[in-house]
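Let me begin by presenting the structure, written as structure tokens, before commenting on it.
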Amino acid sequence: MSGITKEWIRDLQTKVDAAQLIQQYVTLEKSGNGYKGKCPFHQDNTPSFYVYPNEHRYHCFGCGEHGDLITFIQKQRNLSFMEAIETLAQFAGVEVPRQLSSHAVDAQARKNMKLYETMAAASSVFQKALQKNSQAKEYMESRGIKTQIAKKYGLGYAPKSFDYLKGALADTSERILLECGLLVNKEDGKYYDKFRDRIMFPIHDLNGREVGFGGRSLTDKVPKYLNSPETPLFRKGELLYGFHLVRSARVKLDNVIVVEGYTDVVMLAQHGFQNVVAPLGTALTNLQIQLLKRLSKQIVFCFDGDEAGQKATWRALENCYSQLEQGQTYQIVSLPQGYDPDSYVNDFGVERFQALIAAAPLSSKYFFDTLQAQYDLKSPESRMGMAEQAQTVIQKIPYEPFRELMIQELARITGVTLKRTINPSIKKNKKSFEDSLESPTERITKFHSNGNVPQGERHILKTLLYEMKFIHLLARRDLERYLEFQNNSLLFDVIARIHRNKLESFSELISSYDPKSWEYEQLQRIAKEGIPKIRGDAHYDALHGGIQAWLTKCQKQKRAINLIKNVRKKS
């Protein structure tokens with residue numbers, strides 16, 4: 001069978017409907033012969049992300065992200081090159097050649113395949129060991145874990161031996177086992193099994209392959225849970241336990257429930273919940289939050305009822321609020337002290353647990369209730385204390401309407417408006433921020449420490465330099481909005497010069513600048529990058545969207561400056 005070559009990869013992408021693939025992650029609408037939508041790689045207020053189906057490529061005129069379908073899958077799902085190819089092939093219904101081409105796949109990708117095979121083999125060894133060990137089976141029975149659900153999640157047992165796995169996988173080198181995190185190094189240079197006398201919970205990647213393990217002690221000895229170390233395959237902050245099964249269940253999810261532990265996921269699944277995942281022993285990361293968003297717009301946190309569980313809930317909420325998007329909601333379940341989801345559903349039953357989920361308050365109520373429990377609010381000092389603690393979370397919320405409502409609610413409860421609370425920190429830096437907008441050169445060199453045009457702006461300029469006639473097609477209303485910011489951005493300064501002097505070529509534009517100026521240097525550098533690859537009927541629409549996106553950024557800066565000026569007047 002022929003290997004994976006560049007020609008094979010090009011042919012694979014022609015078999016994929018680019019819009020249909022990307023539509024899974026981005027809401028697209030028709031635009032000429034292409035599609036546009038809000039970019040999934042940055043906080044996009046206006047559609048600046050364009051898909052070109054005929055070219056099997058995408059491009060964002062806001063942040064500059066661009067590439068082919070493999071690049072998109074890699075970045076969107078945080079996959080390796082080979083994983084992205086396999087995902088794309090699965091989408092197209094194409095079989096991936098097993099003979100690897102050295103031109104397309106590097107040494108690390110080939111080695112990763114060996115690591116995947118080793119992890120799958122280790123999981124099989126642990127599962128077989130579980131069936132042979134009476135003590136392990138008794139433990140499973142005592143926890144109420146049935147054989148069927150244990151098989152579904154691939155649960156196993158690591159025997160109480162220093163070399164059981166090592167012996168079972170004798171054909172695999174110690175170096176590979178060590179790299180998989182299955183062995184550890186003794187001080188004398190010898191190797192021994194990392195997991196011993198533990199129930200094993202295999203951890204899968206987004207494609208359902210074993211990449212790590214969580215081992216639960218049968219005797220509650222410390223540590224109760226032992227996880228795989230970070231490896232080339234396993235990065236615990238990038239995965240969720242149970243995610244691959246929830247995604248592959250092919251059922252419509254009203255919400256997704258986030259719990260703390262492996263056993264919580266397994267036991268809730270045994271009771272019929274197909275929408276449960278767990279982080280891997282760490283605070284919820286940004287990447288994990290992005291995974292949750294792909295499952296549902298409504299996320300329910302149901303952590304343990306002890307103090308540690310409540311602290312974990314608050315940290316998770318803080319992180320989620322920093323990435324809040326329109327339509328996203330969070331609910332918080334508060335379990336009784338001493339209970340976790342596993343014990344609660346076993347003691348009180350499925351219906352009671354379902355009722356608890358249904359009655360769970362929205363995150364905003366939990367947020368303010370939790371803070372009010374810490375402050376008596378009878379004195380100005382306590383009200384200010386609550387406002388100051390709340391502001392550290394609220395001011396990071398990117399979705400403006402929700403942030404404003406949270407500010408209003410805080411003011412209602414404490415009598416303190418968040419804007420007044422954060423004004424001193426704004427006031428402290430207002431002069432340097434105002435000064436940075438005095439002129440194109442001064443503004444950009446101060447605002448960007450490397451002295452270069454920001455990536456998003458550079459990509460728009462790169463396209464515009466070869467499409468100057470676009471400026472002459474703009475309506476007067478659009479031009480007036482752009483020219484308002486010609487002193488704040490190289491892009492809008494270029495637009496102003498092209499319009500004002502009726503320029504038709506790059507040579508005419510560059511000659512209008514001082515050869516010693518920063519602007520001249522930047523435009524020369526951008527021009528040397530060559531003609532943009534993105535062409536076609538949707539080209540002008542895409543260019544307009546990109547400029548609009550940059551205009552939004554400048555308008556936000558202007559609003560910030562006006563806020564600073566108002567503070568100065570009041571102080």
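The values are calculated or read from the model by the stated rules, or taken from the named source; none is laboratory data. Small disclaimer: the values here were computed from a predicted structure and weren't measured. Reconstructed Cβ throughout: ideal geometry from the backbone, glycine too, with neighbour counts over all protein chains shown. Just so you know, the surface numbers come from the protein's heavy atoms only, side chains and all, with ligands and any DNA or RNA stripped out. Shrake-Rupley method; radii C 1.70, N 1.55, O 1.52, S 1.80 Å.
Observations on the model:
- Between residue 276 and 257, the built amide H atoms are under 5 Å apart, and every one of these is 5 or more places off in sequence or on another chain.
- Residue pairs, from the table 396/516; 293/378; 36/252; 38/114; 194/311; 75/111, whose Cα atoms sit over 32 Å apart: 396/516; 293/378; 38/114
- Extension gain, residue 20 back to residue 175 (0.36 nm per residue minus Cα-Cα distance, nm): 51.6 nm
- Ordering 161, 546, 245 by the projection of their Cα atoms onto the charge dipole of the chain, which places +1 on the Cβ of Lys and Arg and -1 on the Cβ of Asp and Glu, puts 546 at the extreme positive end.
- Packing here is the average count of other Cβ atoms within 10 Å per residue, and on that basis the peptides 147-157, 355-365, highest first, run 147-157, 355-365.
- Full extension of the chain between residue 395 and residue 251 gives 48.2 nm of extra length, using 0.36 nm per residue less the Cα-Cα distance.
- 3J(HN,Hα) from dihedral phi, the range 493-508, Karplus parametrisation 6.51/-1.76/1.60, rounded to Hz, x for glycine, proline: 5, 5, 4, 4, 5, 4, 5, 5, 9, 6, 6, 10, 9, 5, 4, 5
- With both labels modelled 7 Å from their Cα along Cα-to-Cβ, the residue 120 to residue 404 distance reads 5.3 nm.
- Put the Cα centre of the range 227-292 next to the Cα centre of the range 335-408 and the gap is 22 Å.
- Working note: Karplus 6.51/-1.76/1.60 with θ = phi - 60° gives the range 452-466 the couplings 10, 5, x, 4, x, 5, 5, 5, 5, 4, 4, 6, 5, 4, 9 Hz, where Gly and Pro are set to x.
- Ellipticity estimate at 222 nm from DSSP helix runs (n ≥ 4, -39,500 (n - 2.57)) divided over the chain, nearest 500: -15000 deg cm²/dmol
- Each part gets one Cα centre, and for the range 493-521 versus the range 61-94 those centres are 38 Å apart.
- Heavy-atom accessible area per residue - the chain, 1.4 Å, Å²: 48 Å²
- Compared with the alpha-carbon gap, the fully stretched path from residue 505 to residue 137 is longer by 124.7 nm at 0.36 nm per residue.
- Equivalent ellipsoid semi-axes, the range 1-75, via Cα gyration tensor eigenvalues times 5, rooted, Å: 24, 13, 9
- Electrostatic bookkeeping for residue 119 treats Lys and Arg as +1 and Asp and Glu as -1; over the other residues with beta carbon under 11 Å from its beta carbon, the sum is -2.
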